[in-house]
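To keep things clear, I will list the structure first and then write my remarks on it.
The values are calculated or read from the model by the stated rules, or taken from the named source; none is laboratory data. Please read these numbers as outputs of a predicted model, since none were measured by experiment. Ideal geometry is used to build each Cβ from the backbone, glycine not excepted, and the neighbour counts take in all protein chains shown.
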Amino acid sequence: MYETYTTVIGTVVSEPRRRQTNAGEEVISFRVACNSRRVDKRSQEWIDGPTLYLTVSCWRRLLAGVGGAIAKGRPVIAHGQIKTNEYTTGDGERRADLEMTATTVGLDLSRCVVAYQGPSGQDRVVEAPPSRLDEQPSAA
C-alpha cells in the first residue's frame, strides 16, 4: 500500500493528551482544525471556508518538543502520514476519523512569536512587529 504524506496548517482544538500504549511506548495526540480563509471582496473581512478536523499523533523524538510547545489554541504546522481510522461506537454506529502520524510538528510563525531553545542550549528570542502578526487572522 502507498503511504500518503501531507502537511496541514491549523489550530490546536484540544489539549494534547500524553498516554502510554500497551507495548509501553509513549504518544502525544491532539486535534487540529484546518480551514481555508479568504478576504470577502465586498466586506474586505476574512471569512472561513469548510473546516477539516484531524487527530495528530506524535511518537519518539517528537515527544519532548510537542509536549513543551503545543497547547490548545496554538497555531501549528504538522507534516506526516495521513490515514483514515474506521471504528464502531458503543452505540453500534460506524464512523471514520482522519489521523496523522506526524514526522514534524511546529508552531506557525506567521501567526505567533516564539522563543527558541535548541539542543546546543543557544537560546535566542526574535521579536516580530505586531502589525505583521495581524495581517492574516488565525484559522478555526
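Structural remarks
- The sole residue among Thr101, Thr89, Thr84 that is surrounded by 15 or more Cβ atoms within 10 Å (Cβ to Cβ) and among the polar types (S, T, N, Q) is Thr101.
- Being out of contact with any Gly (no Cβ under 7 Å at 6 or more places or on another chain), farther than 15 Å from Thr104 by Cα and among the hydroxyl-bearing types (Ser, Thr, Tyr) holds for only one residue in Thr21, Thr55, and it is Thr21.
- Residues satisfying the stated conditions in the range 38-63, i.e. farther than 17 Å from Ala102 by Cα and small (Gly, Ala, Ser): Ser43, Gly49
- Where Asn35 falls short, out of the listed (1) surrounded by fewer than 14 Cβ atoms within 10 Å (Cβ to Cβ); (2) more than 17 Å from Thr103 (Cα to Cα): (1)
- Taking the range 49-140 as the region of interest, the strands (runs of 3 or more DSSP E) fully inside it that hold 3 or more residues being at pLDDT 90 or above are 75-88, 94-107.
- Any chance Val27 is among the β-branched types (Val, Ile, Thr), closer than 21 Å to Cys112 by Cβ and touching a residue at least 12 places away in the same chain (Cβ under 8 Å): no
- Filter result (assigned to a loop (DSSP other than H, G, I, E, B), at pLDDT 95 or above and exposed (fewer than 13 other Cβ atoms within 10 Å of the Cβ)) within the range 1-21: Glu15
- Note on the range 26-45: among residues that are in a strand (DSSP E or B) and over 17 Å from the mean Cα position of the chain (by Cα), the one that is nearest to Ala78 (Cα to Cα) is Glu26.
- Of the residues making up the range 67-81, just one is within 19 Å of Leu52 (Cα to Cα) and more than 13 Å from the chain's Cα centre (by Cα), namely Gln81.
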